[in-house]
Each structure stands twice: as C-alpha cells, then as structure tokens.
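Down below is the structure, laid out as structure tokens.
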Amino acid sequence: MELGNGWSAWGAAACGCTRLENGRLSGVIGRHKSPLLACTAVSVFAIAGLMSPEASASCQLTTGPSGPANNIYTCTGSSNSPSPFTAQGDGFAVGVGSYISPPTPPVESTATITGNGTGLTVDAKTFDGDITITPNSKIDLANNNGFDLRHGLIVKAGNNPVGGVNINVDGLVRSNDTYNLGLARSGADSLQLDGKAQSIFTVNVSSGGKIGGGSGSNGINVLDAGTVTINNAGAIEAGSALTQIAVILPTPTQTGNAIKVGDLLAGAIAGKAEINNTGTITGNGGELSPVIFIRATGGAKINNNEGGRIGDDGTGYDEYVLASAGSGGNTEINNYGTINGALNYALATGDVVFNNYSNNSWNTSGFTFFGLGNDTENNEGGTPPPVALSRPSAS
C-alpha cells in the first residue's frame, strides 16, 4: 500500500520515532501517554495507510505498524453517524481528524461528525488506548426532536486497571439533541462515559477544546468508573435542555450539568473522581442541576487552579456550582481560581473540606449547604465570603 508522499506502509513504520512536545496530535504508537508518539516521516495514521496529505476519506479501520488488526480508527472529512469502533487490543487509537508530519507545521486533516444517531461510539473493552478530537474537528449533533437521544461521543470500557482510556479534546464535542413531549423531557449528553468498577477514564480538554454547551443536557456524564480524571484547560458547559424532573417540580431552571459523575437517584460510581481546572466550567446551576455534581464511592477532589473559573460569568452568585448527595465518599475542594455560586452538600454523608486560597475567589450569595459529615471550610486567602446557611456536622 502506497502513501501519498511515496512512503509505503511498512517502510514508514520503520522510521524513527520522537515525542511531540507541543501537544499537537501526530498519531499513536503503542501506549497512549500524552504527548503522543509520532514517526518523524509521516504520522502513524498515514503509516497505517489511512490517508495521504491529499486524502479526503471518512472513517476507516486499519492496522498500525504493530499490534492487532483494525486497532486504529480515523475519521477525516464529513461523516454521518459512523460505525461504532471496538478495540482489538492495547494501544488502540481513535482519531476524529489527524495530522501528517512533516511538513512543519504539520498538515491537518479535520473531521466533522453529524448524524441521525449517536455521533460516535467507542467500546474499549478491557484495553488501553486514546481517543482524540483534533483542533478544528468536531462531533456536533443537531436536535432530532425524538425519543432516540443522539449523544455526541459515548465511550464504554470494561475493567482496565493498567492505563485506561484517554479522551483528548482539542476540538468540539457537542450534542444539541433533546426531546420535549409532555412530561417526558430530557437531553442528550455531549460526552458519556460508561465504565465498570475498575475502569479508568482520563479526559483532557485543551485550551482550544470544548465539550457541551448546546441545547442537549450534560456536558460530561459519567455513568460508572473506577477512576475518572478530568483535566480542563478549555470549556466544559452544561446544555440547556430541561430534564423530566424539571417538569414535575416547579423549578424550570433544572437543566443538565456541565460535569455529572454518578446520579442522584441511580447512585454513586464505584470509584473516585478528580477534576483539575484552569479553564471554564459553566452551567445553569439549578437546585437539582448544579454545574458540577459528583457522587463517587471513592470520594472526589476538585482543584480549581489559578485562572480557572467554575460557575457563570458573575451574574448569578446564588446558583449552585458544586454538589453531591447520598452515600458518596469524602470531597476535597481546593480553590486557587474563581468560583461563582453556592454549594449544596445538604444530602451528602461524606466529609466535605473546602479550602479557599486566594482573596475574593469564591463569590456567593443565597444559601450554601453543608451536609452530615465532618465538614470544614478553610479560608486561607482572606475574609470568608458570606454563607447564608451552613448545616452543622452530625455529632
């Protein structure tokens, strides 16, 4: 098989490999730790014979320079509900868009996924691998106005305790799909993670990346996982779709969450959750739809680092930005950035520790609720912001 620049698939596979340190995707060989490995002559996706710099394919399966067959899946150009991908072994790679390098800067082949069903489904099984949405590439679904909700990207995983699945978003993942039929109202997830008790998910959103923000429901919805880590330098936003519970209750502001881990009714995920934010995480912040909701048996840690903002742009400090409930584990919140809104841990049984490390960085009004654990607020940076109601710890 010949590539567009004259390299054969196996000839290119023999080229030397270097790490790209600038954070731009050039393919994946073997393990999937970022920055990704890439051959100096052409990208791994080109090595696999998927494309040349002039190619305009849709979504194709292929074999990399090593590893099992059909373990690389790359989309370029426009695709309408491409076929689901099932991993065949460790080191699988799914690319929505790709690069060919050299030349320098690399030639970028973008992709747009739309469709009448879920944008893209990836079943990792028990294998480790990477899913990457490159800059200027997108999964962007329109509203279907039916019961068959069209989620943007669904990632399924079994128990993979070694490396897990990395989801790298440098472009856009969004679903605008919702249904509104009487009392049945809901919206689709932009990114849905469906794992097992030992599944490992890592979501990396770059400064130019975005998840959510459409007329669907949740930006990121984690149904279950052993460990989920979300590193955000871009934007994660809740959708605007009303949920069914919003119709039952007289609170029409209940929409989706920007990040939802576990569920108020279905229960906690089996493992633990961590969020590291230097970008923006925003949502409507209703009583039952906080910007971030985490219910995790293994507990949660939220690091809002310098430059990070959780909550809106400063017009609704009484909206709920962080919440948990039920039998989840302990929660630690470390704020070095800006949090706009109130906290609702009234139904949480675990301990909550809130550490505020800079002046004027938690802007809140209305009611903040702490729960039944041994809860602590440490305001290291200055005068504590007003807390209208703080529920005492259980004795």
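Mind checking whether some residue in segment 361-374 is under 29 Å from residue 196 (Cβ atoms) and outside any strand (DSSP E or B)?
Yes, segment 361-374 contains a residue that is under 29 Å from residue 196 (Cβ atoms) and outside any strand (DSSP E or B).
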Check your understanding: Quick one: would you say residue 360 is modelled with pLDDT under 85 and either crowded, with 17+ Cβ neighbours inside 10 Å or under 18 Å from residue 307 (Cα atoms) (or both)?
Key -> yes
**Study point:** Given (1) in a strand (DSSP E or B); (2) farther than 30 Å from residue 197 by Cβ; (3) of a type outside the set (D, E, K, R), index of the condition residue 303 fails
**Key:** (2)
Study note, to complete from the structure: Subset of segment 337-357, residues crowded, with 19+ Cβ neighbours inside 10 Å and in a loop (DSSP other than H, G, I, E, B), comes to 337, 341, 350, 351
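Residues are listed down the side, and each one gets a yes or a no for (1) over 21 Å from residue 188 (Cα atoms); (2) part of a loop (DSSP other than H, G, I, E, B):
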position: 113; (1), (2): no, no
position: 118; (1), (2): no, yes
position: 121; (1), (2): no, no
position: 127; (1), (2): yes, yes
position: 136; (1), (2): yes, yes
position: 140; (1), (2): no, no
position: 144; (1), (2): no, yes
position: 150; (1), (2): no, yes
Exercise for review: Working only within segment 93-111, note down all residues that are among the β-branched types (Val, Ile, Thr) and either part of a loop (DSSP other than H, G, I, E, B) or within 20 Å of the chain's Cα centre (by Cα) (or both).
Suggested key: 94, 96, 104, 110
**Study point:** Tally of residues being in a strand (DSSP E or B) and either over 19 Å from residue 299 (Cα atoms) or among the basic types (Lys, Arg) (or both) across segment 256-286
**Key:** 6
Review point. When you look at residue 66, is it part of a loop (DSSP other than H, G, I, E, B), of a type in the set (S, T, N, Q), surrounded by fewer than 24 Cβ atoms within 10 Å (Cβ to Cβ) and at pLDDT below 50, yes or no?
Key: no
Review point. So which residues in segment 304-319 are touching a residue at least 12 places away in the same chain (Cβ under 8 Å) and either surrounded by 20 or more Cβ atoms within 10 Å (Cβ to Cβ) or within 20 Å of residue 238 (Cβ to Cβ) (or both), if there are any at all?
Key: 304, 308, 309, 310, 311, 312, 313, 314, 316, 317, 318, 319
Check your understanding: Within segment 73-92, is even one residue over 22 Å from the mean Cα position of the chain (by Cα), at pLDDT below 80 and closer than 27 Å to residue 175 by Cα?
Key -> no
Exercise for review: Just give me the residues in segment 199-257 being of a type in the set (A, V, I, L, M, F, W, C), out of contact with any Gly (no Cβ under 8 Å at 6 or more places or on another chain) and at pLDDT 90 or above, in sequence order.
Suggested key: 203, 230
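Looking at the structure I just gave you, is residue 322 outside any loop (DSSP other than H, G, I, E, B) and either at pLDDT below 85 or surrounded by 24 or more Cβ atoms within 10 Å (Cβ to Cβ) (or both)?
yes
The values are calculated or read from the model by the stated rules, or taken from the named source; none is laboratory data. These numbers were taken from a predicted model, which means no experiment stands behind them. All Cβ positions, glycine included, derive from the backbone under ideal geometry; neighbour counts span all protein chains shown.
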